[in-house]
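Asks: Handing you a structure now.
The values are calculated or read from the model by the stated rules, or taken from the named source; none is laboratory data. Small disclaimer: the values here were computed from a predicted structure and weren't measured. Quick reminder, even Gly has a Cβ in these numbers, built from the backbone with ideal geometry, and neighbours come from all protein chains shown. Quick note on the areas: whole protein, heavy atoms, side chains included, nothing else; ligands and nucleic acids left out. Shrake-Rupley method; radii C 1.70, N 1.55, O 1.52, S 1.80 Å.
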Amino acid sequence: MSCWETVQNYAFRSLGFGERLLPRSDFTLCEHFTLIGSGMIWNVYFGVLALAIGFVMATGLALAKASANPWLQKPANGFIFLFRGSPLFIQFFFAYFFFLSLKSTYPFFGPFTAAWLGALIVLFLNTAAYSAQIFYGALQSIPKGDVEAADAYGLSGWLRFKRILWPTMLRLAWPAYTNEAIFLFHATTLVFFTGFPAWQQRGDALYYASYFADKTFNPFVPYPILAMYFILLTLCIIGLFGAINRRLNKHLPQTAQKRLSIRPNFIR
Amino acid sequence: MWSWCAEPDALSSVTWLSCYLTTGVHFQFYNAFFKVLFLLAIIAPVSLAFGFMGAMAARSALLPLRWFGRSYIAIVRGVPDIAFFLFFVIALDQAFEWMRHKAMCPDWSEPIRQGADFIVCQQAKLPLGTAPEWIHQFYAFGLAVVTFAIVFGAFAANVLFGAMNAVPRAQLETAEAYGMSPRQTFWRIQVPQMWVFALPGLSNLWQILIKATPLLFLLGIEDVVYWARELGGTKTSRFTEYPHGDWRMWYFLALLIFYLLMTWGSEKFLNRLTLRLSKGQATTGGEAQRKEAPV
């Protein structure tokens, strides 16, 4: 089988298209690259959606945490503590079995036990909590002068938030938020190792990499390929977030614009 | 365990639970918690040592060593940690066996990789096929420790590298002016002063390390996650005196609470440590303490 045929058969295998049986013996490099690359679709899917929905929720959570009203502040604090204080790995397990037991009473929860929805919810809540903490920190460090100037111009309420607080918060939070995004994409590899079943062997990149490593008993080929894909993905994220960062700071003179750190800190 | 546990079927809910939670397998589950704590206690110093060596390599005067240190930090941080765990656990095992094979069976002619098999001579097997069970478990645990240390060593190296560079230049210049050699300056001035700069990063790392311990499960260790899955699954009366439905959700809830307590407790402790260490330091934290102190 030529490499092009392999690509045709397996490029969308992770979504259920193409050849049904995975390769079983005489693995070629081409099969490694194609299948692991195919699995990356899921990593990108989880990462992009969780980040997009999580961003909205994180903004709300950060505002709630910064508010003086205890009815808003306490729940936000609790939520952030719950998701930042426990391992994502355990959160996945718990959520899966939680949805499973809900499903046995209410059939409505059926789709929640599948990875595409259940794991997405966990990832979204998790990244919302981490990002909210970042945004909260940024809200706390908005220069006093900016807020006073907004008051002096007669801006208040929603308009002040939309024009002054929110853009400044994003500017301050952006480098840390970039780290969070990278880390979230890394965390998507956990999904299929935590109870969520890879139905019909439709898994993510790490699922296929470990499939190859199990079959060939040779970890030195699939995992470096996976690493390469992830480094490419990380570079894309850095590029995209760097572009947004430049746009956020467009009003500053060229010399004052700080470039987004190219060597981000992968710790959160 | 208790005297009233002889007839589990006849018990009421609370006493039934007290019997259920003290069965032999449950004690293995509780033991797994100590396994996690034990692992943390070993990995923390080992990965700190790895990190220290990594940071020293990254700022070494020798170019190859510097490249090695920097690429170690960059590669480990750029790839999902779970991929590293899955990779190293097999790779380290094969690397050890390969080295032993080369040393012990020099006249072995067949290739080591035959299709899907990795074949070394009998004497080179790790652990030896004849070894008792506890050696196998110990070996698996040791591999897990080394894997964790490699991954977290890179994170720690990054933190310590930054902290070493954060020591005020004036301090080092003063040391040079006193006639200290570069080695003396490093050990007597830079290393003692870097800890306060490293502390925020290291405490962050400690929290991440706590939250990474459930990944032990993926390395084939019978840890808390393994037992939670085992014990929580549906049990019929054919296999146990304590039949129950699918309780895995509750077991994982218990794990969730365990980890929340761990991170919450360490946060409290680390905050106090930070206060303690910034006493008298020329940092914002130290300055704030100085102003608050009664004159």
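Asks: Helix B:81-104 against the longest principal axis of chain B: what's the angle in degrees, Cα atoms only, rounded to the nearest 10?
Replies: Helix B:81-104 and the main axis of chain B meet at about 90 degrees.
Asks: What is the sum of charges, Lys and Arg at +1 and Asp and Glu at -1, for the other residues whose Cβ falls under 11 Å from the Cβ of A:Ala128?
Replies: Values: positive: A:Arg84; negative: A:Glu180.
So the surrounding residues net to 0.
Asks: Oh, and also: Over the range B:57-163, how many percent of alpha carbon pairs lie in each 10 Å bin up to the one with the longest distance?
Replies: Spelled out bin by bin, the range B:57-163 gives 13, 32, 29, 21, 4, 0 percent.
Asks: Something else about it: Once you charge only the Cβ atoms, +1 for Lys and Arg and -1 for Asp and Glu, what is the size of the charge dipole of chain A about its Cα centre, to the nearest 20 debye?
Replies: 800
Asks: Another question, then. Which log10 I(q)/I(0) values does the range A:1-95 give at q = 0.12, 0.14 Å⁻¹ under the Debye formula, counting every alpha carbon as one identical point scatterer?
Replies: -0.61, -0.70
Asks: Nearest 500 deg cm²/dmol is fine: what mean residue ellipticity at 222 nm does chain B get from its DSSP H runs of n ≥ 4 alone, each adding -39,500 (n - 2.57), divided by its residue count?
Replies: Numbers: 10 runs with 196 residues, N = 295.
Helix contribution divided over all residues of chain B: -23000 deg cm²/dmol.
Asks: Same structure, new question: Between the helical axis of B:248-277 and the dominant principal axis of chain B, each derived from Cα atoms, what acute angle in degrees is found, rounded to the nearest 10?
Replies: 20
Asks: Ok, one more. Report the trypsin sites (Lys or Arg not before Pro) located in the range A:12-52 that are in a DSSP loop and have at most 12 other Cβ atoms inside 10 Å of their Cβ, or state none.
Replies: A:Arg20, A:Arg24
Asks: In the full protein assembly as shown, how much of B:Tyr72 is accessible to a 1.4 Å probe, in Å² to the nearest 10?
Replies: The value for B:Tyr72 is about 40 Å².
Asks: Further question on the same structure: Based on a Kirkwood Rh over C-alpha pairs, give the Stokes-Einstein translational diffusion coefficient of the range B:17-288 at 20 °C and viscosity 1.002 mPa s in µm²/s. Please list the in-between numbers first.
Replies: Values: Rh = 22.1 Å.
The calculation lands on 97 µm²/s.
Asks: Right, something else. Only loop residues by DSSP count here, and only those with at most 12 other Cβ atoms within 10 Å; note down the chymotrypsin sites (Phe, Trp or Tyr not before Pro) in the range B:94-129 that meet that.
Replies: Values: sites: B:Phe96, B:Trp98, B:Trp108, B:Phe118; in loops: B:Trp108.
The qualifying sites: there are none.
Asks: What does the convex hull of the alpha-carbon atoms of the range B:1-123 project to on average, in nm²?
Replies: Values: hull surface 59.7 nm².
For the range B:1-123, averaging the hull's shadow over all directions gives 14.9 nm².
Asks: Could you check which residue among A:Gly157, A:Gly239, A:Gly137 shows the biggest mean-square fluctuation in a GNM of chain A with a 10 Å Cα cutoff?
Replies: Most flexible of the set in this elastic network: A:Gly157.
Asks: While we're on this one: How far is helix B:133-166 tilted, in degrees, relative to the longest principal axis of the Cα atoms in chain B, given as a value from 0 to 90 rounded to the nearest 10?
Replies: 30
Asks: Separate question: Can you tell which of A:Val122, A:Val147, A:Val191 shows the greatest fluctuation in a Gaussian network model of chain A with Cα springs below 10 Å?
Replies: Of the options given, A:Val147 has the highest mean-square fluctuation.
Asks: Hey, another quick one. What is the mean number of Cβ atoms from other protein chains located within 10 Å of the Cβ atom of each residue in peptide A:208-220, rounded to a whole number? Provide the component values of the computation, followed by the final result.
Replies: Values: counts 0, 3, 6, 0, 0, 4, 3, 1, 5, 7, 8, 10, 6.
Averaged over the peptide's residues, the number is 4.
Asks: Which of the helices in chain A, when you take each full DSSP H run, stretch at least 24 Å along the axis at their Cα atoms and have an average Kyte-Doolittle score of -1.0 or higher?
Replies: Working: long enough: A:29-66 (52 Å, 1.42); A:88-105 (26 Å, 1.46); A:115-140 (36 Å, 1.24); A:166-187 (28 Å, 0.37); A:222-248 (39 Å, 1.45).
Helices meeting the span and hydropathy rule in chain A are A:29-66, A:88-105, A:115-140, A:166-187, A:222-248.
Asks: Moving on. Rank A:Gln140, A:Phe27, A:Phe93 by how far each Cα sits towards the positive end of the charge dipole of the range A:1-140 (+1 on Lys, Arg Cβ; -1 on Asp, Glu Cβ) and give me just the farthest.
Replies: A:Gln140
Asks: Please report, largest first and rounded to whole Å, the three semi-axes of the ellipsoid equivalent to the range B:126-239, where each semi-axis is the square root of five times an eigenvalue of the C-alpha gyration tensor.
Replies: Values: eigenvalues 428, 70, 12 Å².
The answer is 46, 19, 8 Å, longest axis first.
Asks: Another question, if that's okay. Tell me which GluC sites (Glu not before Pro) from the range B:208-287 have a DSSP coil assignment and no more than 14 other beta carbons within 10 Å of their own.
Replies: On the way: sites: B:Glu222, B:Glu230, B:Glu241, B:Glu267, B:Glu287; in loops: B:Glu222, B:Glu241.
Loop-located and lightly packed - B:Glu241.
Asks: How much net charge surrounds B:Met194 when only other residues with a Cβ under 15 Å from its Cβ are counted (Lys, Arg +1; Asp, Glu -1)?
Replies: +3
Asks: Given that compact globular proteins tend to follow 2.2 N^0.38 Å, what is the ratio of the alpha-carbon Rg of chain A to that value? Before the final figure, lay out the partial values.
Replies: Working: Rg = 21.7 Å, N = 268, 2.2 N^0.38 = 18.4 Å.
That works out to 1.18 for chain A.
Asks: Where does the protein assembly as shown land on the Kirkwood hydrodynamic radius, alpha-carbon pairs, in angstrom?
Replies: Details: mean 1/r = 0.0374 Å⁻¹.
Answer for the protein assembly as shown: a Kirkwood hydrodynamic radius of 26.8 Å.
Asks: Counting Lys +1, Arg +1, Asp -1, Glu -1, what net charge surrounds A:Val191 among other residues with beta carbon under 15 Å of its beta carbon?
Replies: Summing Lys and Arg as +1 and Asp and Glu as -1 gives -1.
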